[in-house]
1. Taking the conditions exactly as written (touching a residue at least 40 places away in the same chain (Cβ under 8 Å), surrounded by 17 or more Cβ atoms within 10 Å (Cβ to Cβ) and away from chain A (no Cβ under 14 Å)), does B:ASP130 satisfy them or not?
2. Among the residues of region B:237-245, is any out of contact with any Lys or Arg (no Cβ under 9 Å at 6 or more places or on another chain) and touching a residue at least 40 places away in the same chain (Cβ under 8 Å)?
3. Please identify the pairs in which a residue from region A:178-204 that is at positive phi has its Cβ atom under 9 Å from the Cβ atom of a residue that is at pLDDT below 90 and not polar (S, T, N, Q), counting only partners at least 6 apart or on another chain.
4. Does B:LEU146 fit the bill of being within 12 Å of chain A (Cβ to nearest Cβ) and surrounded by 15 or more Cβ atoms within 10 Å (Cβ to Cβ)?
5. Residues of region B:58-78 being within 14 Å of chain A (Cβ to nearest Cβ) and assigned to a helix (DSSP H, G or I), which ones?
6. Scan region B:67-79 and tell me whether some residue there is under 30 Å from A:MET181 (Cβ atoms) and surrounded by 18 or more Cβ atoms within 10 Å (Cβ to Cβ).
7. Answer yes or no as to whether B:GLY102 is more than 16 Å from B:GLY71 (Cβ to Cβ) and buried (at least 17 other Cβ atoms within 10 Å of the Cβ).
8. Confirm whether A:PRO142 is within 12 Å of chain B (Cβ to nearest Cβ) and within 28 Å of A:ALA56 (Cβ to Cβ).
Amino acid sequence: MKLRVLLILGVALIFSSGLSAQIQADDPVSLVESITGQIFTDVTENLEEYTANPEALEDLVRNDLMPLLDINYSARLILGRAGRGLAQEKIDEFATCMTNLLVNRYSKGLLDFSSEIKLQVLPQRGDLNPKLTRVRTRVTLPNGGEAPVDYAFHKTPEGWKAFDVVIEGISYITTYRNQIMPEVQANGIDSVIERLNTGQMQLAE
Amino acid sequence: MHNIRSIISLIMLALLLAGCAGTQSRNTDPENDPWEGYNRKVYAFNEGMDKVVRPIAVGYDKIMPDPLQRGVGNFFRNLDAPVTYVNLVLQGKFRESADTLGRFLINSTVGLLGFIDVASRLGIPFYNEDLGQTMATWGYDDSRYLMLPFFGPSTFRDGTGRLADSFYHPVGRVFHGSNRWGLWIFRGIDTRARYLDQDTELQSAYDPYVLMRDVWMQNRLYQIYDGDPPMLDYDIYLEDDYDPAEPATSDKQ
């Protein structure tokens with residue numbers, strides 16, 4: 001359960017209520033910091049409404065979270081050499097499928113855990129790398145335990161975007177890459193997309 | 001109890017021989033896991049054992065109230081403190097070793113043999129070290145993956161370290177005979193119960209063996225670097241010719 005809670009937070013952190021448009025943050029740490037409070041307040045205040053109408057929360061997540069994530073980049077990293085020679089539509093389809101899973105999983109998780117968890121964003125260490133950086137956070141779990149959750153951000157033409165979540169050193173990208181790449185090479189991308197869509201493959205621990 | 005030890009040694013030996021005799025059908029990561037053929041056999045053996053262990057762990061998890069289970073976790077964690085202490089000293093982390101000694105003394109007494117983690121409430125930080133991590137900080141920083149029977153994922157370095165640490169672990173020093181075995185088995189069941197939530201994900205994976213290896217290896221690196229490993233080189237993932245299964249031999253020990 002712990003990993004799942006953390007992954008949920010992973011996105012909870014980055015998900016905002018239209019806040020991203022207002023924040024002209026030039027560094028990812030401020031971006032994450034400014035958004036954190038907003039998310040938890042929103043979900044906690046409207047918990048009943050969202051519980052009654054989970055689709056509303058899913059829409060919110062989809063509209064506000066996704067612009068802050070670079071899912072396409074994540075998809076390319078995960079597919080690696082297995083993505084070579086694939087039509088762009090197939091890669092997009094794979095990315096969409098990942099997005100749907102994330103939105104679904106995180107919305108559920110937010111309803112279950114948002115009120116029980118505390119979150120602390122650690123300051124940037126050293127100079128900010130202009131292209132690639134990591135935002136480190138500490139999550140306090142309901143049982144009092146503390147767990148580290150890091151986000152890998154990179155600079156895109158549309159600003160900083162997150163593309164990896166690293167929990168206790170375990171990278172989401174690396175781990176899924178090593179599962180999905182050989183599966184695509186062995187069974188083809190369609191079979192993998194099918195497995196993701198039908199929920200036979202759990203995307204988040 | 002001598003018998004149990006002989007039996008375990010025999011099983012380990014048999015598995016080792018079986019692994020060496022088998023021809024490797026595939027290798028997903030020759031660089032980090034050159035013994036994959038052997039490791040997969042041990043993994044299968046552990047999975048077989050899990051058919052017995054898992055139901056016990058499920059029952060244990062149901063019966064035990066959460067606070068009690070947390071207490072058991074604290075108890076075992078406290079028993080590891082002497083090992084952490086020794087290894088912090090070996091790594092020259094003297095302030096941390098003093099903290100660990102303090103933790104051990106407080107939790108073993110005021111914390112009722114370690115069941116209550118009083119030290120954490122007092123704000124004394126927790127560290128986790130072992131001989132494998134010490135060897136890594138001394139320069140043996142890359143070791144080949146090794147799946148151990150009963151204990152699960154490890155590396156050659158960490159398996160060796162684990163054996164050495166066990167000679168002065170409190171469970172081995174203080175308890176004898178069936179009490180000692182009982183405690184190790186109890187700990188095994190308690191540990192297994194903590195991973196029950198992750199079973200579905202593991203089993204739904206395309207290659208559960210690789211998933212377990214990836215998760216363990218990454219988390220181990222994280223421990224070695226005391227929670228601050230260098231950032232991944234993501235660019236290499238996009239390079240067309242990058243293939244972790246390419247190098248034919250491993251220079252890792």
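The values are calculated or read from the model by the stated rules, or taken from the named source; none is laboratory data. Everything numeric in this text was worked out from a predicted model, so none of it was measured. Glycine gets a Cβ as well: all are built from the backbone with ideal geometry, and neighbour counts include every protein chain shown.
1. yes
2. Yes, there is a match, as at least one residue in region B:237-245 is out of contact with any Lys or Arg (no Cβ under 9 Å at 6 or more places or on another chain) and touching a residue at least 40 places away in the same chain (Cβ under 8 Å).
3. A:GLY199/A:LEU101
4. Taking the combined requirement at face value, the residue does not satisfy it.
5. Residues satisfying the conditions are B:ASP61, B:ASP66, B:PRO67, B:LEU68, B:GLN69, B:ARG70, B:GLY71, B:VAL72, B:GLY73, B:ASN74, B:ARG77.
6. The answer is no, given that none of the residues of region B:67-79 is under 30 Å from A:MET181 (Cβ atoms) and surrounded by 18 or more Cβ atoms within 10 Å (Cβ to Cβ).
7. So B:GLY102 does not fit the description; no.
8. When the stated conditions are applied, A:PRO142 passes them.
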